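A.B. asks: Can you read through this structure? Questions will come right after.
No lab work stands behind these numbers, since they all come straight from the coordinates. The model shown is predicted, which means the values in this text are computed figures rather than measured ones. Using ideal geometry, Cβ is built from the backbone for each residue, glycine included, and neighbour counts are taken over all protein chains shown.
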Amino acid sequence: MDCLFCKIVAGEIPSKKVYEDDWVYAFYDINPQAPVHFLIIPKAHIESAAEITAENSAVVAYIFEVIAKLAAELGLGDGFRVITNCGEDGAQTVKHLHFHVLGGKKLSEKMA
Ligand code: AMP
Ligand code: ZN
């Protein structure tokens, strides 16, 4: 499958790894929008938030467990933001479900 993030998981494209286990992979965004900006993805390919179902949603809950742990480890105790862009109107550019985790400064109150 021609998917950038599947290739990152496979090690075919380099990334700055934050965390990895059997189910998820986290790495720093190549174009950071905040002092701390990493992405966390399921290793299994899910196209977007619109493709989450009863069959694959367990990994999404697990991703949020890992986010809480990584945020604490990376010094985001004062808060952070989690974003997933979905589809054309959501400005999703990579069609592999990913959650942006942003922090390290007081973020804008603007959401869109
Ligand atoms: P989105 O617009 O939500 O689909 O976000 C895709 C994100 O992936 C953007 O923030 C990009 O900067 C980031 N990105 C694209 N290619 C890479 C890469 N090779 N390594 C790390 N982050 C990347
Ligand atoms: Zn993929």
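A.B. asks: Scan the stretch 79-86 and give yes if some residue there is within 14 Å of the chain's Cα centre (by Cα), over 14 Å from ALA26 (Cβ atoms) and in a strand (DSSP E or B), otherwise no.
C.D. replies: yes
A.B. asks: In the stretch 1-22, what residues are more than 12 Å from ligand 1 (Cβ to nearest atom) and in a strand (DSSP E or B)?
C.D. replies: Matches in the stretch 1-22: TYR19, GLU20.
A.B. asks: Separate question: Scan the stretch 23-45 for residues that are within 13 Å of ligand 1 (Cβ to nearest atom), of a type outside the set (Gly, Ala, Ser) and closer than 11 Å to HIS98 by Cβ and report the count.
C.D. replies: Our first condition is that a residue be within 13 Å of ligand 1 (Cβ to nearest atom); within the stretch 23-45, this holds for 25-34, 37-41.
Applying the additional criterion that residues be of a type outside the set (Gly, Ala, Ser) yields 25, 27-33, 37-41.
Now drop any that are not closer than 11 Å to HIS98 by Cβ, which leaves 25, 27, 29, 38-41.
Here the count works out to 7.
A.B. asks: Would you mind finding the one in GLU73, GLU51 that is of a type in the set (D, E, K, R) and more than 16 Å from LEU102 (Cα to Cα)? Full working, then the answer.
C.D. replies: On the way: GLU73 fails: more than 16 Å from LEU102 (Cα to Cα).
Checking each option against the conditions leaves just GLU51.
A.B. asks: VAL24: of a type in the set (Val, Ile, Thr) and touching a helix residue (DSSP H, G or I) at 6+ places or on another chain (Cβ under 6 Å), yes or no?
C.D. replies: On the way: of a type in the set (Val, Ile, Thr): yes; touching a helix residue (DSSP H, G or I) at 6+ places or on another chain (Cβ under 6 Å): yes.
So VAL24 fits the description; yes.
A.B. asks: Scan (1) on the phi > 0 side of the Ramachandran plot; (2) surrounded by 12 or more Cβ atoms within 10 Å (Cβ to Cβ); (3) of a type outside the set (Ser, Thr, Tyr) for the single condition LEU76 breaks and write down its number.
C.D. replies: It fails just one condition, (1).
A.B. asks: Output the residues belonging to the stretch 23-58 that are in a loop (DSSP other than H, G, I, E, B) and away from ligand 2 (no atom under 16 Å from the Cβ).
C.D. replies: We begin by selecting, within the stretch 23-58, every residue in a loop (DSSP other than H, G, I, E, B); these are 23, 29-35, 43-48, 52-57.
Hits for the stretch 23-58 are ASP29, ILE30, ASN31, PRO32, GLN33, ALA34, PRO35, THR53, ALA54, GLU55, SER57.
A.B. asks: Among the candidates ILE41, ILE13, ILE52, single out the residue that is surrounded by fewer than 18 Cβ atoms within 10 Å (Cβ to Cβ), on the phi < 0 side of the Ramachandran plot and either touching a residue at least 40 places away in the same chain (Cβ under 8 Å) or of a type in the set (Lys, Arg) (or both).
C.D. replies: Numbers: ILE41 fails: surrounded by fewer than 18 Cβ atoms within 10 Å (Cβ to Cβ); ILE13 fails: either touching a residue at least 40 places away in the same chain (Cβ under 8 Å) or of a type in the set (Lys, Arg) (or both).
Among ILE41, ILE13, ILE52, only ILE52 is surrounded by fewer than 18 Cβ atoms within 10 Å (Cβ to Cβ), on the phi < 0 side of the Ramachandran plot and either touching a residue at least 40 places away in the same chain (Cβ under 8 Å) or of a type in the set (Lys, Arg) (or both).
A.B. asks: Let me ask you something else. Take the stretch 4-20 and flag every residue that is more than 12 Å from ligand 2 (Cβ to nearest atom), farther than 18 Å from ALA72 by Cα and either among the basic types (Lys, Arg) or in contact with a Lys or Arg (Cβ under 9 Å, 6 or more places away or on another chain) (or both). Give the derivation first.
C.D. replies: We begin by selecting, within the stretch 4-20, every residue more than 12 Å from ligand 2 (Cβ to nearest atom); these are 11, 14-20.
With farther than 18 Å from ALA72 by Cα added as a condition, the list becomes 11, 14-16.
The one that is more than 12 Å from ligand 2 (Cβ to nearest atom), farther than 18 Å from ALA72 by Cα and either among the basic types (Lys, Arg) or in contact with a Lys or Arg (Cβ under 9 Å, 6 or more places away or on another chain) (or both): LYS16.
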